[in-house]
Amino acid sequence: MEEIRRSLLSKKDDPKAFFDELHEFWWGEYQAETKTLPALILSLNDEANINLCLMASLAVEEGFSPFNVTHIFENVLPEMSLNVHSVMGLIRSLNTSMQGDMAAYTQFAPFRGLVSKQPGFARDLLNSLIDEGEPYTTDYIANLYRDFAKGQEHEIQSELSGLIGHSSENVLMAVADALGGLDYGSNDNRELVVKSIELLEELENKGSDKVTRIVVHAYKSLAPYCNSLIERLIQLSTRKSPEIQYAISDILFRLEPAEQEEVWARKMLLNLTEVSPDHKGIVDHLDWVLHRLITKNGNFALVEQFLTLWILRDEYIPRKYKIGDLFNSTIPDIIQNREEFEGMLTRLLNHDDWKMHETAAEILSYCYVHKIQGIKLDRHELKKMSHSDCLYVCRKILGYVINPDQLCSLCFSILDKSPQDKKIKGLVYSVFKNHIGENYPGKVIDFMKDISTHTKSKHRKLLVGQLVRDIEADENVRNGLPPLKEMNPARQKYQRIMYEKQVKMSQEMEHAQKDSIISQLATKIYLKHGTGSFHLAGDQYSEVSKLGAYSTYMELPKSEVMHPVEAAMERFGFRIAKRGNE
């Protein structure tokens, strides 16, 4: 150890190099499971009079990892001779550099045990942090109060009460956090509950959303000792404040699966359908909650209820936000359960709001990209629908769905309502003969022949046979039509037309791509972010993996080639069609 000590002393004027070598020593000890590092640190800090807290702050500012600082100082910092000013500098550096990181909670690890081993210094540090009142002090004030409160809950609650009138919002947040962290479980401390609730209500009434966010968490901690706090949390979940909504979503995020089924949890979840799609942190929490409702509880009904309310509100615009991007864990979970997915899809298509139809189209596009085939309408939902409803659903499918495989499987599944019903058979025949068969004759014929091979229903076989004969007859007529030479322009005129088209196309391509049929057919998939990636395994770096191209293609509807304007108008007509218009 003497050798490493001399080496470190030679680097005391270079904080970054000093801590790089100290961390390398820590890593070696960690692997060897030896524990000589604390003695080395105490020797450097106390005997060699090196202010390691100050040096650590400087090293972090120069680029040294703050997480490595916490590793080095863990279990040893409470033993060191400390200076309030330098410790506060270290706290500021750690908090600033770890801001927003999921592992930011590790910054408190080195200070664990400080109150028990150096209570006098810990009290001086706490007072200095309160006087400072900056954002970085909040969590440290709360943690120190929680440590001081062990066995002294009444005294600490009284001290926290004296800080209610503090001018710093950050200190008030720390007070709320500390009140929520007191031990109310023992019989001697039950009387603290009423007083703490009064203090928290006083903090809530100050009108600061940031303080109320912490109060929400404190209410949840006290809820087992006061049932009325659950109703208060439900009321707070209706507030359209991102700070409060985040706190409520965080509570739901941390619930056990059984707790998620509680009536109060359901109410809070449904109240959060008003969250803005732009608040990604809250949406990510909600996505996880919905994911667990499906995978742990199998509660598809509540998930669908939430998503329906989310989609129907005014702020959600399908062309601006994608439900699959917002809830990228929940949507795949739904799709994996075919029965529940097809039921939800049928209800989306049978809804009167266009945003539900756009959402159905988006989910079907996801299915196409991930090669999920054979999607049908739900048999049980079809049984509940009238002929007018079936016609309405068919029109929405024709208006929003372009993939021929999905068109065939969805529209043909209408027969599941009643294969022998003449009106239903007539509807299916009309859809395939006049629309899908016109655009994708080859695909429809193959689909029908496959159905004929596998079905035992005579009603389906008769309908399929009739469709195949009629579509093939139409194709034979089209193929037999002679080309009209009179419609061909002169060669020079043709070249001039093509040149003008090319110039015009190159000028407007970027704008045209946004709304063109091609942009609806082609799917853009982001495989990676950035120009390339690599990874570190041991001491070896892998080769750089460059971005690659990935593309998909789809058969273009014939109407888009022959009569694109008419095809667009027909699609739009299906989209705006009202229920009951025969």
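What to note about this one:
- The set of residues in region 395-441 that are free of Cβ contacts under 8 Å to residues at least 12 places away in the same chain and in a helix (DSSP H, G or I) comprises 422, 426, 430, 434.
Rundown of residues vs (1) within 23 Å of residue 223 (Cα to Cα); (2) surrounded by fewer than 20 Cβ atoms within 10 Å (Cβ to Cβ); (3) in contact with a strand residue (DSSP E or B) (Cβ under 6 Å, 6 or more places away or on another chain), yes/no style:
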| position | (1), (2), (3) |
| --- | --- |
| 238 | yes, yes, no |
| 243 | yes, yes, no |
| 262 | yes, yes, no |
| 267 | yes, yes, no |
| 275 | no, no, no |
| 278 | no, yes, no |
| 281 | no, yes, no |
| 313 | no, yes, no |
| 339 | no, yes, no |
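- Note on region 123-137: among residues that are open to solvent by 10 Å² or more (accessible area, probe 1.4 Å) and polar (S, T, N, Q), the one that is farthest from residue 92 (Cα to Cα) is 127.
- Filtered by the rule that a residue be in contact with a helix residue (DSSP H, G or I) (Cβ under 8 Å, 6 or more places away or on another chain) and of a type in the set (A, V, I, L, M, F, W, C), region 186-208 gives 192, 193, 197, 199, 200, 203.
- The set of residues from region 304-328 being of a type in the set (A, V, I, L, M, F, W, C), free of Cβ contacts under 8 Å to residues at least 40 places away in the same chain and not in a helix (DSSP H, G or I) comprises just one member, 317.
- Filter result for residue 329 (among the small types (Gly, Ala, Ser), at pLDDT below 95 and closer than 23 Å to residue 209 by Cβ): no
- Residue match in region 292-303 (condition: assigned to a helix (DSSP H, G or I), open to solvent by less than 50 Å² (accessible area, probe 1.4 Å), out of contact with any His (no Cβ under 7 Å at 6 or more places or on another chain) and more than 24 Å from residue 349 (Cβ to Cβ)): yes
- Among all positions in region 14-33, there is at least one residue which is under 27 Å from residue 116 (Cβ atoms) and open to solvent by 70 Å² or more (accessible area, probe 1.4 Å).
- If you filter region 199-230 down to residues that are of a type in the set (D, E, K, R) and without any contact (Cβ under 8 Å) to a residue 24 or more places away in the chain, you find that the one that is farthest from residue 275 (Cα to Cα) is 201.
- With respect to (1) within 25 Å of residue 324 (Cβ to Cβ); (2) assigned to a helix (DSSP H, G or I); (3) without any contact (Cβ under 8 Å) to a residue 40 or more places away in the chain, the lone exception for residue 287 is condition (3).
- One residue alone among 77, 42 is hydrophobic (A, V, I, L, M, F, W, C) and open to solvent by 40 Å² or more (accessible area, probe 1.4 Å), and that residue is 42.
- Remark: residue 158 matches the filter, which requires a residue to be in a helix (DSSP H, G or I), of a type in the set (Ser, Thr, Tyr), open to solvent by 20 Å² or more (accessible area, probe 1.4 Å) and farther than 23 Å from residue 282 by Cβ.
- Any hit, region 393-400, residues being open to solvent by 40 Å² or more (accessible area, probe 1.4 Å) and out of contact with any helix residue (DSSP H, G or I) (no Cβ under 6 Å at 6 or more places or on another chain): no
- Selected residue (criterion: modelled with the lowest pLDDT) from residues of region 466-487 that are polar (S, T, N, Q) and surrounded by fewer than 10 Cβ atoms within 10 Å (Cβ to Cβ): 479
- Single residue of region 86-111 satisfying the filter (farther than 29 Å from residue 281 by Cα and free of Cβ contacts under 8 Å to residues at least 40 places away in the same chain) that is surrounded by the fewest Cβ atoms within 10 Å (Cβ to Cβ): 86
Per-residue answers, yes or no, for (1) open to solvent by 10 Å² or more (accessible area, probe 1.4 Å); (2) within 30 Å of residue 298 (Cα to Cα); (3) out of contact with any Gly (no Cβ under 7 Å at 6 or more places or on another chain):
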{"site": "154", "(1), (2), (3)": "yes, no, yes"}
{"site": "163", "(1), (2), (3)": "yes, no, yes"}
{"site": "173", "(1), (2), (3)": "yes, no, yes"}
{"site": "207", "(1), (2), (3)": "yes, no, yes"}
{"site": "216", "(1), (2), (3)": "no, yes, yes"}
{"site": "228", "(1), (2), (3)": "yes, yes, yes"}
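- Residue ID - nearest to residue 224 (Cα to Cα), chosen from residues in region 255-284 that are part of a helix (DSSP H, G or I) and acidic (Asp, Glu): 259
- Search result, residues across region 1-10 that are over 46 Å from the mean Cα position of the chain (by Cα) and open to solvent by less than 60 Å² (accessible area, probe 1.4 Å): 4, 5, 7, 9
The values are calculated or read from the model by the stated rules, or taken from the named source; none is laboratory data. This one's a predicted model, so the numbers in the text were calculated from it and none came from an experiment. Cβ sites come from the backbone with ideal geometry, for glycine too, and all protein chains shown count toward neighbours. Keep in mind that these areas ignore ligands, DNA and RNA; they rest on the heavy atoms of the full protein, side chains included. Shrake-Rupley method; radii C 1.70, N 1.55, O 1.52, S 1.80 Å.
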